[in-house]
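Participant: Sending over a structure as structure tokens; questions will come in a sec.
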Amino acid sequence: MSDLLSTLYPWMKAFHVMAVMSWMAGLFYLPRLYVYHAERGSGPGEPGESLAVMEAKLLHLIMGPASVATWVAGLILVMTPGIVDWSMIWPWTKAAGVIAMTLFHHWLMIQRRRIASGKGLSGRHYRMMNEVPTLLMVVIVLSVIVKF
């Protein structure tokens, strides 16, 4: 099994990076759509209906599959012998960042339901939350590249 994981390592790493890029694109863009929805799409009709369709498709067709692919490929990478030294701090900070990213994703799903029911937050609040993925990305990338 370890020979197979070692052979697949570069492919899993490439797949993981592509999945992360797709997931992050959605995590950066969805809160921005929520800002537009809160500020310009609160009434019936357009643009609220178009924004709701865009939000749903982004969440379910891009972000959902990309997050699952990120997790699966990441776990396969972690299981590859000799890749992760668990005595160092970086794998733990990366793991905490990825878990926080996943929790943020779920928060975005909850917010979509709240917006649909007319109980969404203000555009200012969503604008501030739009910075969360950037902060988490900094922690994750520094953890993996610098290995502090």
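The values are calculated or read from the model by the stated rules, or taken from the named source; none is laboratory data. It should be emphasised that the depicted structure is a prediction, and the values quoted were computed from it without experimental measurement. Note: ideal-geometry Cβ built from the backbone for every residue, glycine included; neighbour counts use all protein chains shown.
Participant: When both residues are 6+ apart or on different chains and their Cβ atoms are under 9 Å apart, which pairs have a first residue that lies in the stretch 87-111 and is on the phi > 0 side of the Ramachandran plot, and a second that is surrounded by 12 or more Cβ atoms within 10 Å (Cβ to Cβ) and in a helix (DSSP H, G or I)?
Facilitator: Pairs found: none.
Participant: Regarding Ala96, is this residue part of a helix (DSSP H, G or I), at pLDDT 95 or above and closer than 13 Å to Leu27 by Cα?
Facilitator: Working: part of a helix (DSSP H, G or I): yes; at pLDDT 95 or above: yes; closer than 13 Å to Leu27 by Cα: no.
In short, no.
Participant: When the residues of the stretch 49-73 are filtered to those that are without any contact (Cβ under 8 Å) to a residue 24 or more places away in the chain and of a type in the set (D, E, K, R), which remaining residue is farthest from Val132 (Cα to Cα)?
Facilitator: Per the stated criteria, the residue is Glu49.
Participant: Do the conditions hold for Trp11, that is, is it loosely packed, with under 13 Cβ neighbours inside 10 Å and modelled with pLDDT of 95 or more?
Facilitator: yes
Participant: Evaluate the following for Tyr34: is it under 20 Å from Val132 (Cα atoms), touching a Phe, Trp or Tyr at 6+ places or on another chain (Cβ under 7 Å) and either of a type outside the set (A, V, I, L, M) or buried (at least 16 other Cβ atoms within 10 Å of the Cβ) (or both)?
Facilitator: Working: under 20 Å from Val132 (Cα atoms): yes; touching a Phe, Trp or Tyr at 6+ places or on another chain (Cβ under 7 Å): yes; either of a type outside the set (A, V, I, L, M) or buried (at least 16 other Cβ atoms within 10 Å of the Cβ) (or both): yes.
Yes, satisfied.
Participant: Working only within the stretch 38-54, note down all residues that are over 20 Å from the mean Cα position of the chain (by Cα) and modelled with pLDDT of 95 or more.
Facilitator: Start the filter on the stretch 38-54 by keeping residues that are over 20 Å from the mean Cα position of the chain (by Cα), which leaves 38-50.
Correct list: empty.
Participant: Would you mind finding the one in Trp71, Trp107 that is surrounded by fewer than 15 Cβ atoms within 10 Å (Cβ to Cβ) and over 10 Å from the mean Cα position of the chain (by Cα)?
Facilitator: Selected residue: Trp107, the only one of Trp71, Trp107 that is surrounded by fewer than 15 Cβ atoms within 10 Å (Cβ to Cβ) and over 10 Å from the mean Cα position of the chain (by Cα).
Participant: Scan the stretch 74-86 residue by residue and report those that are closer than 16 Å to Phe15 by Cβ and either surrounded by 13 or more Cβ atoms within 10 Å (Cβ to Cβ) or in contact (Cβ under 8 Å) with a residue 60 or more places away in the chain (or both).
Facilitator: Gly74, Ile76, Leu77, Val78, Met79, Thr80, Ile83
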